[in-house]
1. Taking C:Arg59, is it open to solvent by 50 Å² or more (accessible area, probe 1.4 Å), within 14 Å of another protein chain (Cβ to nearest Cβ) and assigned to a loop (DSSP other than H, G, I, E, B)?
2. Only one of these is of a type outside the set (D, E, K, R), at positive phi and buried (at least 16 other Cβ atoms within 10 Å of the Cβ): C:Gly285, C:Gly279. Name it.
3. Count, please, the residues in region A:209-225 that happen to be assigned to a strand (DSSP E or B) and either outside the structural domain of A:Pro195 (by TED's automatic domain parsing) or among the charged types (D, E, K, R) (or both).
4. Look at region B:21-59 and say how many of its residues are over 18 Å from the mean Cα position of the chain (by Cα) and of a type in the set (D, E, K, R).
5. Would you confirm, using the coordinates I've provided, whether B:Asp97 is within 23 Å of B:Ile119 (Cβ to Cβ), more than 14 Å from chain A (Cβ to nearest Cβ) and of a type outside the set (A, V, I, L, M, F, W, C)?
6. B:Pro88 - would you say it is in a helix (DSSP H, G or I), surrounded by fewer than 16 Cβ atoms within 10 Å (Cβ to Cβ) and facing chain A (nearest Cβ under 10 Å)?
7. Only one residue in C:Arg83, C:Arg69 is at the interface with chain A (Cβ under 9 Å from one of its Cβ atoms), over 30 Å from A:Ala81 (Cα atoms), surrounded by fewer than 19 Cβ atoms within 10 Å (Cβ to Cβ) and in contact with a helix residue (DSSP H, G or I) (Cβ under 7 Å, 6 or more places away or on another chain), so which one is that?
8. Report whether or not A:Asp83 is open to solvent by 10 Å² or more (accessible area, probe 1.4 Å), within 14 Å of chain C (Cβ to nearest Cβ) and either part of a loop (DSSP other than H, G, I, E, B) or modelled with pLDDT of 95 or more (or both).
Amino acid sequence: MIQVMSSNTETSKGYNFAYLDEQTKRMIRRALLKALSIPGYQVPFGAREMPLPCGWGTGGIQVTASVIGPADRLKVIDQGADDTTNAISIRRFFKKVAQIVTTEKVDEATVIQTRHRVPETALIEGQILVYQVPQPEPLRGIAPRQIESRKLHAYAEYGAMQVTLYEDVARFGYIARIYEYPVMVNGRHLMSPSPIPKFDNPKMQNNPAIQLFGSGTEKRIYAVPPYTSVRSLDFDDHPFEVQKWKQSCAFCGSGTSYLDEVITDDRGGRMFVCSDTDYCAKRRGAQPGTSEVAGSPAGATAGSSS
Amino acid sequence: MTAAAKVATRRILLDVRGVSKSYGGQVGCLDVSFALYPGEVLGIVGESGSGKSTLLACLAGRLAPDTGSIAYDTKERGLVDILSLSEPERRRLARTDWGIVHQNPRDGIRMDVSAGGNIGERPMSIGARHYGKIRAEAHEWLNKVEIDLARTDDKPRTFSGGMQQRLQIARNLVTRPRLVFMDEPTGGLDVSVQAKLLDVLRGLVHELGIAAIIVTHDLAVVRLLADRLMVMQRGRVIEEGLTDQVLDDPHQPYTQLLVSSVLQV
Amino acid sequence: MAYVAVKGGEQAILNSHKLIAEERRGDPTVPELSLEQIGDQFGLAIDRVMNEGSIYDRRLAALALKQARGDSAEAIFLLRAYRTTLPRIAVSEPIDTTQMTVRRRVSATFKDIPGGQLLGPTYDYTHRLLDFSLAEGGSKECLETPNTELPIDSDLSRVLDILDDENLVEQAVSHHGGKEPFDLTRSPKRLPAGRDQRLQNLARADEGFIVGLAYSIARGYSGSSHPYVAEIRLGELDVEIIPEDLGFPIAIAEVTVTECQMISLFHGSASTPAHFTRGYGLTFGHCERKAISMALVDRALRAREFDEEVRYPAQDEEFVLSHSDGVEATGLISHYKLPHYVDFQADLQLIRKMRAQTAGKQSPSDDR
């Protein structure tokens, strides 16, 4: 009866499919339905304590566990990549507790759990994108108290949020928010898009896929249903803009994707590569998930990412 | 135009009837009634504990009175009992058609937001989305309250008390409210600073035709600003009338005491 | 270009798990700790882990501590994650601490109390001198405590109930108005919170955090006056359930608990005369520091009830309830170790833009 936590065993004996019991999943699904009915509204839910730390995707994991079925194909990314440690760890978790088929290809996935990125590949109807959210409250910096911030949402009092953008323009001449850039959903609720770069904000607008957001620590779920308006806050005379790079991806040559800056030596050498590994591999016609990257010298430094 | 003439030609803006509020056994204010007309400035004087602050809190919708009614002439629906408004309706009224100037500017302005941002908040909260226009409006108001435009992007915590108070006034008046509540607006300021503030206030109130209710224990403030005066003692209104009449010819012994205890200005 | 995309994260994770297993075991020539040893000889560590892990199971707590190499935060996390998967078969009856088999009972308010003061096991009056005999395998002599002359009352009324006869102390609320108490492990926290939710939160709270808050109260960062320990008692109690088909209570377990009742003077208000107010602490096992701290913070959090101004962190319900949970706090603090490449790249771009702008400005801007 005490066979549980050992990290070496690949067994999931004693656990329900996808870890959560069915009653808990039903509770979460009810919260998800409510969230989809009121786009951008944060629904409190009875988040369970998960075997991963708070802030490491427990909200996203609970959402994924509640919507996933045995026929689904799951993709997990962190910073756009399938091979970052936390993405691997979450994928392993679902392999263990749900014996689920996983994939690194957006086109094959039915459910994609993500931290900090929206895939570059356009999503299609029927896909579900699950965002991990550390802090669901876009007004936290303005009204740290939940009692007040919930009122501001209820009465749609968002003037103070706009003031923060005004302050940026007054100070720098432009809006200096670059990730976790607040959006107005369906013209009604102010929403945090999670800490994705603002580069990804436009992808949320009118997206055919279902976008679900889970915060385990703060016990909140919210959602953007397919084809919903998601507008990034801005001014008429200082319109919203996304990041641009002078460089293109050193591997696939993409000039339109979000780039990671990589330091190549200790003399200031650096290069820019796609943060979305699946997208980059697809453009190069390579198989994602192999340890070798086409176009780069072999000799992977396994282990250095731990 | 005299206050009396205004009264005769206009409809009531705020109609207060029989407002009472007590705390446990202690009386806050008792059976207060009056009518305020657009553009009229009403002073409420009395020493601390006389119930004037309780009354102001009731009028501004921050405190629910035990009995009585407070009707306000809203733009959309005409006279409405503010106690029957829902919380969001009341909050909306408070940030559009009303202004509230607190004694302590810290309670009324955001100390970590620039002066321009403070003034821009109300317009932005009701939909202003053009930075250039918001900023131009902020400049206009800083001018009106005599704050140097070079301070537009400075945070109010670097301002003097008098400047903070003038900023609070600008932040409130930018949406051109029809009614402003002021709670001891000159409290805590030096006499010389008070004079400038009163000067600015008087100019604005007359220029914009704003109605105001000013609670103060300072008779100099009401003499300068108020058309009409109510004197309160132990929760009750004991004397009221045109400001000059009340101050020059007080009837009640308490009012006489109040008037004689300050130097004539 | 000499760059290779970092791969092999999966293997790295597996290797990391092997490494912690190896470090946990340590020198294989030294005998491995048994759960019995941990349970018996590290009893207070077990108690803390059970408290914050919110589950009374000494063996599971010992296992968690062993797996966590003695790190209580990690052990608590393990227990919590296990506990959340367990089914709820029954809900126990409220425990009655007057029915406790008392091993220790002290009061700071009265010298003599009915039933007497009972010092019991405590470090309080040890001089904190290292006992080097323990380093050599400990004392071999038989460690048997002499029996007390007088038998201990089986039904020890609480000290506060004695004061209560004079109506000097606020009435204890024995039942929660027939309502089901709030359960933070099933529902998100709701503000403003009831005392039930606050006490549950405090019972599960990180001991260090609660002790720190209590210390701030003691140093004056709270509205209320000097508190007194009316009573601390430690002992064993039966946990009972009433199975539906039986209709009467049956004992299903025996638990050790520490209970602390604090009182402090309240000056009264227009409607209520001056009286003593209560703060309550209860913990699994022997955790006096936590129980006292919990009682102090409980009282401070009742500020609104007594019309006290909320000025300090310990009085601020939303602040305390939001930050007291050790598992939540540890999670978020350690999440900073996770990759943040994307956000950092965005910050890098921004800071370059800002600096380029500053460098480009020859004269100070007129709008600054």
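1. On the way: open to solvent by 50 Å² or more (accessible area, probe 1.4 Å): yes; within 14 Å of another protein chain (Cβ to nearest Cβ): yes; assigned to a loop (DSSP other than H, G, I, E, B): no.
Here the answer is no, as C:Arg59 does not meet what is asked.
2. Values: C:Gly279 fails: at positive phi.
Residue meeting the stated conditions: C:Gly285.
3. From region A:209-225, those assigned to a strand (DSSP E or B) are A:210-215, A:220-224; that's our starting set.
With either outside the structural domain of A:Pro195 (by TED's automatic domain parsing) or among the charged types (D, E, K, R) (or both) added as a condition, the list becomes A:220.
The total comes to 1.
4. Result for region B:21-59: 2.
5. Working: within 23 Å of B:Ile119 (Cβ to Cβ): yes; more than 14 Å from chain A (Cβ to nearest Cβ): yes; of a type outside the set (A, V, I, L, M, F, W, C): yes.
Yes; evaluated as a whole, the condition is true for this residue.
6. Values: in a helix (DSSP H, G or I): yes; surrounded by fewer than 16 Cβ atoms within 10 Å (Cβ to Cβ): yes; facing chain A (nearest Cβ under 10 Å): yes.
So B:Pro88 passes the test.
7. Numbers: C:Arg69 fails: at the interface with chain A (Cβ under 9 Å from one of its Cβ atoms).
Only one candidate qualifies: C:Arg83.
8. Values: open to solvent by 10 Å² or more (accessible area, probe 1.4 Å): yes; within 14 Å of chain C (Cβ to nearest Cβ): yes; either part of a loop (DSSP other than H, G, I, E, B) or modelled with pLDDT of 95 or more (or both): yes.
Answer is yes for this residue.
The values are calculated or read from the model by the stated rules, or taken from the named source; none is laboratory data. In this text the structure is predicted, and so the values were computed from the model without any measurement. Positions of Cβ are generated from backbone atoms using ideal geometry, with glycine treated the same way; all protein chains shown enter the neighbour counts. Surface areas here come from the heavy atoms of the whole protein model, side chains and all, with no ligands, DNA or RNA. Shrake-Rupley method; radii C 1.70, N 1.55, O 1.52, S 1.80 Å.
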